[in-house]
Structures are given as C-alpha cells and as structure tokens.
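Report on the structure given below.
The values are calculated or read from the model by the stated rules, or taken from the named source; none is laboratory data. Remember, it's a predicted structure, so these values are computed and weren't measured experimentally. Cβ: placed from backbone, ideal geometry, glycine included. Neighbour counts: every protein chain shown.
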Amino acid sequence: MNGAVEIVSGALVVLGSLFVLAGGIGALRMPDFYTRIHGASLTDSLGPVLVLGGLMLQAGLSLVTIKLAAVLLFLMVTSPTASYALANAALLAGLRPAEMDATTRAGVINQEEDSA
Amino acid sequence: MRLLRLLLVIVALFTVWLLWGGLYKTPVLQLGILSCALVAWLMLRMAEPDQQKYNWRLAYRLPHYWLWLLGQMVVSNIQVLRLVLGPRSALSPVLVEVDAQASNKFALALLGNSITLTPGTLTIDIDDNKITAHCLTAAAAQSLQAGAMSRRVARVDPD
Amino acid sequence: MLLIAAIAILVTMALALARALLGPSVYDRVLAVNMFGTKTVLLIAVMAFAMGRTDFLDLALAYALINFIGVLAVLWFSHQHHLRNQSHSGTESGDEHSGDRQP
Amino acid sequence: MTTLLIGVFLLLLLVITAVAIVRSTDLFSGVMLSGIFSLLMALNFFLLDAADVALTEAAVGAGVATVLLLAGLKLTPSTEARARPVRPIAIIVVAIIALLMIYASFGQPSLGDPTAPAQTHVAPWYIENTPELVDIPNIVTAVLASYRGYDTLGEVFVVLTAGIGVMFLLGGGRGKPFSRLHTDPPQGLSHYLIPKVIARMLAPFILLFALFIQFHGEYSPGGGFQAGAIFVAGMILYALVRGEDKALAVIPPHVLLWMSAGGALLYGSVGLLGIAMGGQFLEYSVLADNPVTGQHIGIIVIELGVGLTVTGVLLSIFHAFAARD
C-alpha cells in the first residue's frame, strides 16, 4: 500500500463521514417532516459512496472490496426505497407537506383515493 | 429456452456466492450450487405472469448511467449541504409532477429512486408514468422538470 | 482517519436518536430508525477496518440487505390501517394515526 | 481503548433509548425505538468481537422483529393501557433486589478479566482443542453445535414450542393453520411500484445470503439461527409486497409446519444416530470413520435442522399474525 492511496482513501472516508454528519444535522434542523427526509438523505447518498469508496481504495483489489461494493450497491438500492416508503406512508396517514401547491394537492389526493 | 434461462440464473447466483465467499472447499461449493438452485427454484415460484423480462443490455448501460448519477449526486449534495447549514428562509418546498419518458416498471423505479438519491428532490408518489416529487427549493424543482434525468433513464431502459 | 469518521458517525447516531425522541410525528421516529440503520452499516464497515476484522463485513451486508424491510412494514401497516378506516367508517382518510400526535 | 470508549458511548445511547421506550405510551413509537435499541445492541456485540451474536441480533432485529411487532400492533389499540398506580411495597421490593444484584455484580470478575474462571478453564480448553477435535475455524460454532449440542437442541425445542403456542393462540384450527377472515381487498403493497420492483430484485439476494450464512457457519460468523431469520426476512419482504396469499403459495402452510417440526426432528435423529453407531447421544465423532469428518457432518446437519426450524416457526408466526384482522 503506497502513501498516496492511503491519504486519498482517508480523505474520502473523512469527507463522507462529514456528509453523514451533515445529514444528521439536517434531520434535526429542518422545519417539517418532508424537508427532514431531504436532510437525512444527505446521509443516504454521497456519504456512503465516499466512506465505502474510501475503504475500497484501502482494501485494494480483493474480495473485501467486492463485499464493500455489494454493501454499497444494496444500500443505494434500498435507502431510496425506504425513503419513498416512508414518505408515502406519511402521506397515506394524512400528513401533508407544508406550502403545497393547490393544483397538485388535488391531484395527489385523487390519486390516493383511486389506488386505495 | 426456459431451462437455459434457469441455468443462467443459477450461474449468476453462484458467481455472487463465489465473490462473497473467498472460501473454496468442495463441500461448501457443492452446498453452494444446491443453494443457488433452491433460490432459482423459489424465484421461479415467485415469478408473476406479467413481469418484465430482464434486459441483458442493462449490464453495460447501467454503470454508465450510474457515473452520470454520481455527478448529479455530488452537485445536489453540495446544494443541500448549504441549505442544511444555512438559514431556513432559503427553503421553498414545493410538489411537482414529472413525466417519465419510459413507462416500463424498471425504468419508473430507477427514475423514482434516482430522484430520491439526489438530495433536494424526493419521490413521494408514482401514478402511471407521472412521478410526484417533493422538492426542497423551486430551483431543484425546475431542474428536475427540465427532464434530463428522465431522458437518461429512458435511454437506459427504453420501452 | 478512520477514527475521525467513526466519531462523526457516532455523533450522527446521537443526532438521529435526538430526532427519534423529539418526534413530533411517529414518522419522524421511523425516519430516525432508518437513518440509524444506514449509520450502523457505515460504522460496522469503518470499525471492521479499524479493528482489522474485515471478515466481519458480513454483518454490514446483512444490514444493507434487510434493514429497509422494517420501513416497508411501516408502509404496509399504514396501508392496512388506511384500508380498514375506509371500509369501517367511510371517512375520507385515516387521520386517526396522523402525524402530529404527541407521545 | 478507543473501542472501549465507543462502546461506552453506544451503551449511553442504549440507556437513553431504553428509558424512552419505557416512558412512551404510544406503541408505534415504542416499536420504532426498539428498532434503534436492537441496532445499538448489535453494534455493541460487534465491538466486543461477538460477530455471531451481532449477526443474530441484526437478522432478528432488522428483518423480523419490527415486522412482527407491527403485525401484532395491527390487532391492538395503538396506545398503551393506562398503568395502575404502583404500590410503594412493589417499589421497595424492586429497589432492594436491584441493589442486591448490583452488589452481587461486584463479586463477578470484570469484563475480559484474564483470571476469571471462564477464561482459565473452559475457554482455553475450547481454543486449544477445537483445531484437533472439530477442526473448524469458527470456535463459536464448534461450541454451539458440538460441545454444547444439548443446549442448542433445547433452544431449538424452545423455538418450536413458541411456534406451536402462537399457532394455538392465533391459528385457525385443524388443517387451517392460518385463519384468513377475508382476502378482499387485496393485501400487500402490490400497487406500490418502487417497493415491488426493488423487492423482486433483492429477494433472491436475501435468500441467497441466508443460505450463504447457513453453510459458512463453520468458517465465518453465522449458522442456522441467523440464516433462518434472514431467510424469513426475505420471504416477509415478498409477503409484504405481493400479499401474504402469494407468499403462502410459494411456501405452503403444510410445508412450513413440516419444516418447523422436521428441523427439530432432524437434530434429534442425528443424536440418536450417534447412539446407533455406538457412541453417545449427539456424539458426532462416530458418524464417519474419521472422527473429525464425523464432527463436520454432524455440525452441518444439525445446523440445517436449526435453520429449518427457525425458518418454519418464524414464518408461521408472521403469517399467523398477518392473517388476523
């Protein structure tokens, strides 16, 4: 393992963890539920990519890297699905986003009744 | 033909098994092949008559799309990072509808999840090929409605 | 380096826990659980490298694969609740389990 | 040292979560907080190098527990019943017992103490003799499946008994293990497109991962309990998305019952086979000419039994809850 790779991978991991931290702050600071999901999604998008990417660099070309890539791939597939399911569950329970456009509001409610 | 597909699925699953494993002893590999066959059989039992066939061309189109998506993620992450740390008055949450250009299930799910993966936009509902997205700012909504992502997805998996 | 990352993730966990305790809606708590899951995967990965036990990555893989099922179950629960409210009372939507209920 | 500090921090969060669970009267919030509790427990086990236990906690806590609790919550009101005021005598009794237990804990060897009896007699014996007697890298599996095979057999029967209990309480009687009062409107999330597509993509990987854990138990963290729980998580994912009826069509109720009982039976028969081959109950060394090979065969078969029972029971419990209205 040469020094440059070490430094780059360390920097990626730290940068990613800062995005993760920002996501935590976002989930705490944002004003309403739907905007909080946006805040939290900082944690779910670039954070894992950078952290796991950095670790992959550190592991080099090995089975560990492949396992990390699998973890990353599954995270990238599942976390937006979870966010969608969460937002939809809240919508279904009658939690309305703040400052909603009047026309789309009607559209969403109609759709919801059709599907139920 | 159907048998060939099944065999292909087993081979694919077994490749994943080998890549996870790193342990290549005969009994484990034998049990591995049996496991892959069992999973393939269960997949067959789970299959729906209306389900979409796997499009093998995705294998090289998807990575290309992911690279583009990664770029989008970097841009939008930095934007949302500013919003998170900045004043609340910068927020102007809005709901918009986006038209998906490809209407098959995989493309819709890919588009929906891509919208969620780029912070600042969040898929909250899908109806036919209209996606309702919650956007953190009007600017994010506008760039989403410009439709670059929808066009890219349509190119990855056209109808 | 790995240690800084681990600390940042731990602080984020504390923040997520704060969100879970504050609520106010039950869905904020679900959001917190979901965030916690992602963070767990990352902390396991980082600590596996810090401790030199990369064979423990199976644990991260398990979480990455199955952690979202809980959130899907929440959607399933809300959906069934919604259906039941509609069929029993005929009111327009399931406000009974609405978001801004205090614990 | 840093691991210790991280562990203490996580334990702190754990205490906060536990207090919040006790204090919240909203059951839904309680379920969500117990999800966080489970994640914290798993992390603590992981930091203590107990990867097998951490994997169990992960498999049960993330995949199955939340779903089962929500399925149970479907049948109950959503807030906790008001508790009766606690009598002073009860508080006094609890306080005394708590103090006694804390006092007794000073008599215990501290965590990781090298002079503790467990470290000086039992553990070194396992560590020294496992390579020779059982010859598998994961000593936890050797302890669980071979040295303490009786205990594990007992655990399997506990799981089976729990399953039978739930069947009696919630099931629909003879020949109808899962009562279904109505199948209309359609259950499941089948008109939610993203979960449907993603579940179809991921379910095979979850099932494959479960079997991977099952058959790598001797070499890396895992084994029958973890594999069973992860397999069930995969099937529950399918059931949530497509509806329980579809999931019951993939693995029918009678197969589930056969799996539950058959797994325990398989485990017990390996024990009896040991007697038949001239050894003792659950002595695997006599199963093959070479004692070490015999151990390997025994461990693989009983782990399979454990996996079958756990899968059958957990999935039956899920269906029993989900089928009730």
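Couple of notes before you dig in:
- Flag if D:L193 is modelled with pLDDT of 90 or more and assigned by TED's automatic domain parsing to the domain that holds D:G298: no
- Selection count, the range A:14-29, where residues are closer than 18 Å to B:C135 by Cα and touching a residue at least 12 places away in the same chain (Cβ under 8 Å): 3
- Here A:D32 fulfils each of the conditions (1) among the acidic types (D, E); (2) facing chain C (nearest Cβ under 7 Å); (3) in contact (Cβ under 8 Å) with a residue 60 or more places away in the chain apart from (2).
- Every test in (1) surrounded by 21 or more Cβ atoms within 10 Å (Cβ to Cβ); (2) in contact (Cβ under 8 Å) with a residue 12 or more places away in the chain; (3) aliphatic (A, V, I, L, M) is passed by C:L72 save one, and that test is (2).
- The single residue among D:A249, D:A210 that is out of contact with any strand residue (DSSP E or B) (no Cβ under 9 Å at 6 or more places or on another chain), within 10 Å of chain B (Cβ to nearest Cβ) and over 22 Å from D:I300 (Cβ atoms) turns out to be D:A249.
- Residue satisfying all of: in the range D:265-304; in contact with a Leu (Cβ under 6 Å, 6 or more places away or on another chain) and buried (at least 23 other Cβ atoms within 10 Å of the Cβ); nearest to D:T161 (Cα to Cα) among these: D:Y267
- Boolean, D:F318 is among the aromatic types (F, W, Y) and either closer than 29 Å to D:L75 by Cβ or under 22 Å from the mean Cα position of the chain (by Cα) (or both): yes
- Flag if A:A11 is in contact (Cβ under 8 Å) with a residue 12 or more places away in the chain and either of a type in the set (A, V, I, L, M, F, W, C) or more than 7 Å from every other protein chain (Cβ to nearest Cβ) (or both): yes
- C:G90 being out of contact with any Leu (no Cβ under 9 Å at 6 or more places or on another chain), surrounded by fewer than 24 Cβ atoms within 10 Å (Cβ to Cβ), modelled with pLDDT of 85 or more and more than 10 Å from chain A (Cβ to nearest Cβ): no
To keep it simple, each residue is scored yes or no on (1) surrounded by fewer than 24 Cβ atoms within 10 Å (Cβ to Cβ); (2) facing another protein chain (nearest Cβ under 7 Å); (3) in contact with a strand residue (DSSP E or B) (Cβ under 9 Å, 6 or more places away or on another chain).
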site: C:I7; (1), (2), (3): yes, no, no
site: C:A14; (1), (2), (3): yes, yes, no
site: C:L21; (1), (2), (3): yes, yes, no
site: C:V33; (1), (2), (3): no, yes, no
site: C:F36; (1), (2), (3): no, yes, no
site: C:L42; (1), (2), (3): no, yes, no
site: C:G52; (1), (2), (3): yes, no, no
site: C:F56; (1), (2), (3): yes, yes, no
site: C:Y63; (1), (2), (3): no, yes, no
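- Filtering the range D:41-57 to residues that are buried (at least 24 other Cβ atoms within 10 Å of the Cβ), in contact (Cβ under 8 Å) with a residue 24 or more places away in the chain and out of contact with any Pro (no Cβ under 8 Å at 6 or more places or on another chain) leaves only D:L43.
- Whichever residue in the range D:40-51 is under 16 Å from the mean Cα position of the chain (by Cα) and modelled with pLDDT under 90 and, among such residues, is nearest to the other protein chains (Cβ to nearest Cβ): D:A51
- Qualifying residue in the range B:67-86 (condition: modelled with pLDDT under 85 and within 13 Å of chain D (Cβ to nearest Cβ)): no
- Top-ranked residue of the range D:214-230 - restricted to ones that are more than 10 Å from chain B (Cβ to nearest Cβ) and farther than 16 Å from D:V156 by Cβ, ranked as surrounded by the most Cβ atoms within 10 Å (Cβ to Cβ): D:I230
- Unique match (being under 18 Å from C:M47 (Cα atoms) and not assigned by TED's automatic domain parsing to the domain that holds D:S220) among D:F9, D:F37, D:F28: D:F9
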